[in-house]
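The values are calculated or read from the model by the stated rules, or taken from the named source; none is laboratory data. This is a predicted model, so every value here is computed, not measured. We place every Cβ from the backbone using ideal geometry, glycine too, and count neighbours over all the protein chains shown. Protein only, heavy atoms only, side chains kept; ligands, DNA and RNA dropped before computing areas. Shrake-Rupley method; radii C 1.70, N 1.55, O 1.52, S 1.80 Å.
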Amino acid sequence: MTGGFRKKIRQKNAENSGFGTNASGRFINKDGLPNVQRRGVNVFNRLSWYHTMLNLSSFRFISYLVIAYIIINLVFAMIYYLIGVEHLTGIDKSDPLNEFIDVFFFSSQTFTTVGYGRIAPVGFLASLVATFEAFLGLLTFAIATGLFYGRFSRPRAYLRFSDIAVIAPFQESSALMFRLAPYKNNALTDADVIVSAAIEVMENGVAKSNFYRLTTQMSKINTLALNWTVVHKIDENSPFYGFSEEDFKNTDMELIVQVRAFDEVFSNTVVQRSSYTTREIVYGAKFVPMYYPNKENLSTVLDLDKINEYKKEELPESVRNKE
């Protein structure tokens, strides 16, 4: 965040945000992870590889496994080739390309401990490398199996947040709104939301971030089955009271959202976070409905493609007069 804002904010600054007042940039990324770069430790201590692999998308996770599998077998194929193909029986020696292809597939068979038997190591050095590769293969597939199970069994909220927040008319005033919806068939109950606003202000010529807890019209719902539009009414108790459209555009701020719910299948609490910056707040807009009854009026259709759809809506005159 840069620039700073000089408008007087009535609400008391919250001190339990978890972020320092001199932190910069976005606090929470759109994927819910903190935007923090750690220094002072090497990359092996800085990253939890297990958490990193669990948080990858399914496509990237599978791609990394396939790429790692190919690279490992290429490395061992090069080792066997450098040792000499004469130390492997059953190799097609018609040309170097066929030799390397046979060596590569022998490596993959050894790595997976399949061992078809057409090609076999001869001599101490080739047998030693094959023994080590088979051992490495067992360890690798054990780790991959654990990662697959961890990704499959880890409870998640599976919530989709709207890409934008809006300033919309609400109860003869205005309100800041965003919405979220579950996109899988998991059952979430006792869902509650915590919304904080990080606003950069100028104090004694120095820019600092103040944090404010935003009250919501409904902070907890019993069942999260359809979309949930979270509403923060902009009144005298709001840090945005008296903000004009220009104020929202020129103020460096970020809305930090945390949703906590209970997953009935896993009997565990799940948490998901997101955030909205100034560029992601649309002034004078209202979300359009995203669920409707089906043709037979026997069930409700939740159209997740409409989660970001809105229409322009003029704010009440009483709000414009306060700006």
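How do Arg46, Arg60, Arg26, Arg118 rank by accessible surface area computed with a 1.4 Å probe, from largest to smallest? Mind showing how you got there, number by number?
Values: Arg46 85, Arg60 115, Arg26 50, Arg118 140 Å².
Ranked from most to least accessible, the order is Arg118, Arg60, Arg46, Arg26.
Against the main long axis of the alpha-carbon atoms of the chain, helix 58-83 sits at an angle near 20°.
A Förster radius of 22 Å combined with the Cβ-Cβ distance from Phe44 to Ala68 puts the calculated FRET efficiency at roughly 0.85. Counting only alpha carbon atoms, the long axis of helix 96-111 and the longest principal axis of the chain meet at about 70°.
The label-point distance for Glu264 and Ile221, in a model that sets each label 7 Å from Cα toward Cβ, rounds to 1.6 nm.
Size of the dipole of the chain about the Cα centre, Lys and Arg at +1 and Asp and Glu at -1 on the beta carbon, nothing else charged, in debye to 20?
Working: 34 positive and 32 negative charges, 150 e Å.
Charge dipole, the chain, about its Cα centre: 720 debye, nearest 20.
The label-point distance for Asn297 and Ala120, in a model that sets each label 7 Å from Cα toward Cβ, rounds to 7.7 nm.
Order the following by accessible area, largest value first: Glu314, Glu172, Glu309. Probe radius 1.4 Å; ligands, DNA and RNA are ignored.
Details: Glu314 140, Glu172 160, Glu309 85 Å².
Correct descending sequence by accessible area is Glu172, Glu314, Glu309.
Where the only charges are on Cβ atoms (+1 Lys, Arg; -1 Asp, Glu), what is the dipole of segment 228-305 about its Cα centre, to the nearest 20 debye?
Numbers: 7 positive and 13 negative charges, 29 e Å.
For this selection, approximately 140 debye.
If one computes the Cα centroid of segment 249-311 and of segment 189-224, what distance in Å separates the two points? So the two Cα centres are separated by 16 Å.
In segment 216-320, which chymotrypsin sites (Phe, Trp or Tyr not before Pro) fall in coil by DSSP and have 14 or fewer other Cβ atoms within 10 Å?
Numbers: sites: Trp228, Phe240, Tyr241, Phe243, Phe248, Phe262, Phe266, Tyr276, Tyr283, Phe287, Tyr291, Tyr310; in loops: Phe240, Tyr241, Phe243, Phe266.
For chymotrypsin sites (Phe, Trp or Tyr not before Pro) across segment 216-320 that sit outside H, G, I, E and B with at most 14 neighbouring Cβ atoms in 10 Å, the list reads Phe266.
I'd like to check one number: the per residue accessible area of the chain, probe 1.4 Å, reported in Å² as a whole number. Present the calculation step by step, with values, prior to reporting the outcome.
Working: 18680 Å² over 323 residues.
Per residue, the chain has 58 Å² of solvent-accessible surface.
Counting helices only, and only those DSSP H runs with n ≥ 4, report the 222 nm mean residue ellipticity of the chain as the sum of -39,500 (n - 2.57) divided by its residues, in deg cm²/dmol to the nearest 500. Walk me through the numbers before you get to the answer.
Values: 7 runs with 95 residues, N = 323.
-9500 deg cm²/dmol, from helical runs alone.
The angle between the Cα long axis of helix 124-153 and the main principal axis of the chain comes to about 20°, on a 0 to 90 degree scale.
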